[in-house]
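To start, the structure itself, in structure tokens.
Derivation of every value follows stated rules applied to the coordinates shown; laboratory data play no part. Not measured: the values here are computed from a predicted model. Here the Cβ is made from the backbone with ideal geometry for all residues, glycine too, and neighbour counts use every protein chain on show.
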Amino acid sequence: MAGMTWQAPTATGGFDATVRVPGSKSITNRAYVLAALAGGPTTVRHPLDSRDARLMLAALDAFGSSSRPVADGVVVEPLCDGTGEVAVELGNAGTVARFTPPLAALGSRTVRFDGDEAIRRRPIAPLLGALRDLGADIDDGGRGAPPFTVRGGGGLPGGAVTLDSSASSQFLSALLLAGPAFEKGVTVRLIGGAPPSEPHVAMTLDLLRTFGATPERDGAEFHVPPATLSRAELTVEPDLSTAAPFLAAAALTGATVRVRDWPSRTTQPGDWLRGLLAALGARVSLDAEGLVVTGAGGFAGQDLDLHEVGELTPVVAALLCFADGPSRISGVAHLRGHETDRLAALAAELSGLGAEVSETDDGLRITPAPLHGGTFHTYDDHRLVMAGAVLGLRVPGVVVENPATVGKTFPGFTETWTGMLT
């Protein structure tokens, strides 16, 4: 991806393509954390290799969990305690910023966390407060955001804590993932409303069980008792949210797109796409080789609550700009605290190319209008690069700013996208 912009290619006719998407970022970074907490080495097969995943491995290395590549994945060794001061680079990775502070509190090092300017604007204060209540020594200068320092005390008492996870389900997942290593385990009672993206909570619980933990849930209360984790190997599923623009391409152009190795059972939010595409009139089938979608071309406007699948919003919003009538996306107020304020960014960029898109309290109103080419700014947000690519299928001259930021989840995205159309 040479240069700072990329002209998104236009689909000139129907096509029939098969694509492979990288491993799930959400599963990869959860698996790395649990592998570091395990009692022996774990081979994580087909993980995502991206900036976020490398930042997670580097953070774990700073805590004493070394890793090494193998032919089809990464071997992660258990945490090894040490002393002294270390620094952890967060980039703009929410999973690294939220999942690693509890691990720092379990060790004896002093760990300073910081990252990109954008990560300093992303919410984390509720998690840091909960960790303090569980016995962690954290200095954030009262900011409730990076940079902050965790002074490890050689372990964490754990126990019961209340948590407001309404801004991000990652706050809850962070405590649950580390819970088996707390002296008393952890019991988390949620306050302030349900966390967004319930599938990601289910993913965390599923992976904990895979590594031998016994998490329990009773409504808004979660309990993870102390446990010795173990898993010789784990294979990461393809990232179904990263598949979204490719499936949107089928729906938008009437083409056929196959996504290889789509799982028959998954906790990934991206699996929701199958129902959406069927509602848009596409033919959708799942077999042992993967998911096949053939679009119908036109489709009606939609009223969608994306609270549980918010990360799909950028691509879905771009797709709905081509509907036959107005659409509404709701339930995604939390997207204002993602890689960027995704609602403001989408309203600005989609409107800038001719659509009529406005923010609501918890989402977007989208009224299709004739679109034209121009620069689609991406705000260092990988999902916005994918949204720009979708627009370019039907709109000549869409120039996507900073396409390299898509390396957060799919370093080879632009090459795979262009290959799909040829």
Cut-off under 5 Å, modelled amide H: who pairs with Gly159 long-range: Lys184, Gly185, Val186, Thr187
May I ask you to list the GluC sites (Glu not before Pro) in the stretch 209-302 that are in a DSSP loop and have at most 13 other Cβ atoms within 10 Å of their Cβ? Glu289
The distance between the Cα centres of the stretch 36-59 and the stretch 106-121, in whole Å, is 18
Charge-dipole axis of the stretch 336-422 as Lys and Arg at +1 and Asp and Glu at -1 on Cβ define it, positive-most pick from Leu350, Thr418, Gly397: Thr418
Pick out which of Leu79, Leu286, Leu320 has the largest mean-square fluctuation in a Gaussian network model of the chain, springs linking Cα atoms closer than 10 Å. Leu286
Counting alpha carbon pairs within less than 8 Å and at least 6 residues apart, what relative contact order, in whole percent, applies to the chain? 18
Between rounded, prolate and oblate, where does the stretch 25-224 land on the alpha carbon gyration tensor, with a ≥ b ≥ c its root eigenvalues, rounded for a/c under 1.5, else prolate if a/b exceeds b/c? rounded
Check: the chain dipole with +1 on Lys, Arg Cβ and -1 on Asp, Glu Cβ, in debye: 320
Of the options Leu103, Ala71, Gly82, report the single residue whose Cα projects farthest towards the positive end of the charge dipole of the stretch 70-124 (beta-carbon charges: Lys, Arg +1; Asp, Glu -1). Leu103
Can you give the calculated 222 nm mean residue ellipticity of the chain, where each DSSP H run of n ≥ 4 adds -39,500 (n - 2.57) and the sum is split over every residue, rounded to the nearest 500 deg cm²/dmol? -8500 deg cm²/dmol
Please say if the stretch 57-97 is rounded, prolate or oblate, where rounded means a/c under 1.5 for a ≥ b ≥ c the square roots of the C-alpha gyration tensor eigenvalues, and otherwise the choice is prolate for a/b larger than b/c and oblate otherwise? oblate
Only four residue types carry charge here, +1 at the Cβ of Lys and Arg and -1 at the Cβ of Asp and Glu. Report the dipole size of the stretch 25-224 about the Cα centre in Debye, rounded to the nearest 20. 160
Taking R0 as 30 Å and r as the Cβ-Cβ distance between Arg20 and Val75, the FRET efficiency 1/(1 + (r/R0)^6), rounded to the nearest 0.05, comes to 0.85
Which residue fluctuates most in the GNM of the chain (Cα springs below 10 Å): Pro245, Pro101, Pro326? Pro326
Where a ≥ b ≥ c are root eigenvalues of the Cα gyration tensor, a/c under 1.5 meaning rounded, otherwise prolate if a/b exceeds b/c and oblate otherwise, the chain counts as prolate
